[in-house]
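Everything below concerns the one structure shown next.
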Number of protein chains: 2
Amino acid sequence: MSEATVRRRVTSTDVAREAGVSRATVTYVLNDTPGQTIPQSTRTRVLEAAARLGYRPNSAARTLASGRSRIVLLVLPDWPQEFSFRHFLDEASLALDESGYSLVTYTRHPGTRGRPLWEALNPDLVIGLVPFDPDDVASIRGCGVTRLFPDPDESDSADLSMAVSAGPELQVDHLIDRGHRRLVYATFKEPPPYSLVLARHRAACDRAYTRGLPPPDLERIDHQDGSTEEAIRRWRDMGITGVIAFNDIVAAVVVVAAATAGLRVPDDIAVIGHDDNQTAAMFVPQLSTIRFDPSTLGRDFANLALHKLEGRPWQNPDASTRVTLVRRRTT
Amino acid sequence: MSEATVRRRVTSTDVAREAGVSRATVTYVLNDTPGQTIPQSTRTRVLEAAARLGYRPNSAARTLASGRSRIVLLVLPDWPQEFSFRHFLDEASLALDESGYSLVTYTRHPGTRGRPLWEALNPDLVIGLVPFDPDDVASIRGCGVTRLFPDPDESDSADLSMAVSAGPELQVDHLIDRGHRRLVYATFKEPPPYSLVLARHRAACDRAYTRGLPPPDLERIDHQDGSTEEAIRRWRDMGITGVIAFNDIVAAVVVVAAATAGLRVPDDIAVIGHDDNQTAAMFVPQLSTIRFDPSTLGRDFANLALHKLEGRPWQNPDASTRVTLVRRRTT
DNA sequence: CCTGCAAACTTACGCGAGCAAGTGACCTGG
DNA sequence: CCAGGTCACTTGCTCGCGTAAGTTTGCAGG
């Protein structure tokens, strides 16, 4: 407790001296290294010394020596911050923490100049919610990261993407089941469609195809000018009656514009959102949308990471049990 | 380009061998170490060798040897829901990147168990958007981090908090200027008010005080049950005519509930949001709110960080030029 | 009484980079 | 012709930790 003249960081050497053992013993005790027999008395002596001095291992040194940083880097595409995403991250980082890993999130969009974060962090694993482009893969590999997901060399990309595609599939199914045959996919003009938009759109196209319909066009609307109303009239003239919205905000804009254009929702045109945003239930009319359980998805994610990191058993969970339809008043 | 038998990471030793110089020379060239005289010929030889081999310095080794990680950790009280926050982060990390630092964001809420991220990252600087609680300060210091902000020992907390308080101050001023004398501050019951909520509320209270009004109560509403309407009737009976909403979503809920309760907005009750959310302009009626320029704030933030890291000059920018009032139809 | 073996440690090396302190070679001024 | 100073490097130590390979002690079995 005495104030040292120079506030130097406590190292394992200090702990060793304090406990009256060698540095190696300290490491063995603190890391529970298997294959070492250490009596309880020594063990407690070391642990108490470490606690007394407030020892924190230097993560850089540990990473250098062991070759592992115990960091998982989650790369997010350009991403509107849905409220539920927080729960996803909470759950994922908690589950990873229990196994000694730290989760770091990194929002990266195509235009980014500058050094990517995986270069600064030496992560053991880099996970993208959507596939990486080839440049990024090369960059990640060049930093000595051997584990990444989705890994283009392993063709396992399907695993996590199911969590992305299940929602759009439900949207399409629901609209078809309500009798709609001609559909569009709507998103915002600004910001330009990023990878998550494209991934959801592709999933919707695939689903429409398997249900025997043509793939819905990707329509980019704007909520500033009047272009949305114009688009809606165009859709009506084309016989389109079902709108798959990228998210609830897009859905809200479409619904408002439909009213302005004199169309009745859902009779003339049905709209379904995605994410079950906080505002979705408050909107007038209340939005039909897709809800997913972020906590469970977070745990799924952590399990996948641990599978990649340590080869733990893993089976792809059934996404359909994680994602559900919420029908309200716009379909 | 030949496929090595074992894919080993390229080190500075490899570069040195390839360039025909010693390792020290490589370090000097790549780091532009001042005080070293290196002829252009050698310099290019080293740089070309590094490029040819695809050399990436090992950040753990560098951190260990130099004692600096070049990582800035930004601790957020809660996952940002505001769209504009992305621009803030983009701009901040870009500006930091130009000086060789990486920005890592970390969402930490009070209940979090598990190892905090500053322990795993060895950041050079930890910045919180709102003040840290004492436990966290101790934890951060215990990890060998000497620079943190706001630093309770330096009483400089005012600098960044102005970016937080300017919005609530504008909200209060606007309502007062519109003739409202009795105000409340509204936020959601779920999730429980976190530090950003409390910080904004405190700022509103301070402003009300300087304008000669009693501090507005912090009212926690719910958008699921009917409690909001009940609250609104209560407010009406108390003579409250102005509602300061924590953000635009809260404002929207209040507006909807006011309509349900039979009050006219803004005649019977005025509501002002915060953040100029994407939905704010689309809502019916369109929400009055607070807009701020996230890019400029991001650059301000980066400058503050560089000031803390390297003692660069810094003067507190005038927050009032970064934050503006957007009056629409709810005030 | 000696051998063998496990328990309970310690010694010593290496991870990859930064940096202080050398070390020749060359030049310049007196 | 030599002292002194730059240039252009290299040698060697260090950061804090993980871990393989010893080393000593105690005890059981033959």
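Read the figures in this text as sums done on the coordinates, not as results from a lab. Since we're looking at a predicted model, the values are computed, not measured. Ideal geometry is used to build each Cβ from the backbone, glycine not excepted, and the neighbour counts take in all protein chains shown.
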| remark: Longest principal axis of chain A (C-alpha) makes with the long axis of helix A:40-53 (C-alpha) an angle, in degrees to the nearest 10, of 70 degrees
| field | Pairwise label distance in nanometres, A:TRP314 with B:ASP206, each label 7 Å out on the Cα-Cβ vector | value | 4.7 nm
| task | Quantify how much of the Cα-Cα distance distribution of the protein assembly as shown extends past 46 Å, in percent. | result | 26 percent
| task | Give the relative contact order (percent, whole number) for chain A; include only Cα pairs under 8 Å separated by 6+ residues. | result | 16 percent
| request: Would you mind ranking B:THR13, A:THR27, A:THR330 so that the residue whose beta carbon has the fewest other beta carbons within 10 Å leads the list? | output: B:THR13, A:THR27, A:THR330
| Calculated from backbone phi, Karplus (6.51, -1.76, 1.60) coupling profile of region B:282-299 in Hz, x at Gly/Pro | 8, 4, 10, x, 5, 8, 6, 7, 10, 10, 9, 8, x, 5, 5, 4, x, 5
| request: For a footprinting-style exposure proxy, rank A:ARG9, A:ARG62, B:ARG207 by other Cβ within 10 Å, fewest first. | output: A:ARG9, A:ARG62, B:ARG207
| field | Folded to 0 to 90 degrees: helix A:158-177 orientation relative to chain A principal axis, Cα | value | 20 degrees
| note | Shortest first and in nm, the label-point separations between B:GLY142 and its counterparts in the other identical copies (7 Å out along Cα→Cβ) come to 4.0
| message | Distances in nm, one decimal, shortest first, from A:LEU30 to the same residue in every other copy, taking the label point 7 angstrom along Cα→Cβ. | response | 2.8
| remark: Classified through the alpha carbon gyration tensor (a ≥ b ≥ c as square roots of its eigenvalues; rounded if a/c is under 1.5, else prolate when a/b is larger than b/c, else oblate), region A:161-292 comes out rounded
| query | If you line up the long axis of helix A:248-260 against the longest principal axis of chain A, both from Cα atoms, how many degrees apart are they, to the nearest 10? | reply | 20 degrees
| What length, rounded to one decimal in nm, is gained on full extension from B:SER41 through to B:ASP173, with 0.36 nm per residue of separation minus their alpha-carbon distance? | 41.1 nm
| query | What dipole magnitude, in Debye to the nearest 20, does region B:232-331 give about its Cα centre under +1 on Lys/Arg Cβ and -1 on Asp/Glu Cβ? | reply | 140 debye
| field | Normalised alpha carbon radius of gyration of region A:12-57 [divisor 2.2 N^0.38 Å] | value | 0.99
| Selected from A:HIS307, A:HIS274, A:HIS201 as most flexible by GNM, with chain A as the system and alpha-carbon contacts under 10 Å | A:HIS307
| request: Obtain the nm distance between the two label points defined at B:ASP267 and B:ALA51 by a simple spin-label model: each point lies 7 Å from its Cα along the Cα-to-C-beta direction. | output: 7.2 nm
| Size of electric dipole in the protein assembly as shown: Cβ of Lys, Arg +1 and of Asp, Glu -1, about Cα centre, debye, nearest 20 | 1220 debye
| query | Can you list, shortest first and in nm, the gaps between the label point of B:GLY111 and those of its counterparts in the other copies, using a point 7 Å from Cα in the C-beta direction? | reply | 3.8
| task | Quick one: which residues, 5+ away or cross-chain, put their amide H under 5 Å from the amide H of B:VAL326? H built at 1.01 Å from N. | result | B:THR289, B:ILE290, B:ARG291
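Calculate for chain A the 222 nm mean residue ellipticity that helices alone would give, adding -39,500 (n - 2.57) per DSSP H run of length 4 or more and normalising by residue count, nearest 500 deg cm²/dmol.
-13500 deg cm²/dmol
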| message | Please state the shape class of chain B: rounded when a/c is under 1.5, otherwise prolate if a/b exceeds b/c and oblate if not, all from the C-alpha gyration tensor. | response | prolate
| Sorted by Cβ density within 10 Å, fewest first, the residues B:GLU230, B:GLU310, A:GLU18, B:GLU169 | B:GLU310, B:GLU230, A:GLU18, B:GLU169
| field | Number of partner chain Cβ atoms within 10 Å, mean per residue of B:61-70 | value | 4
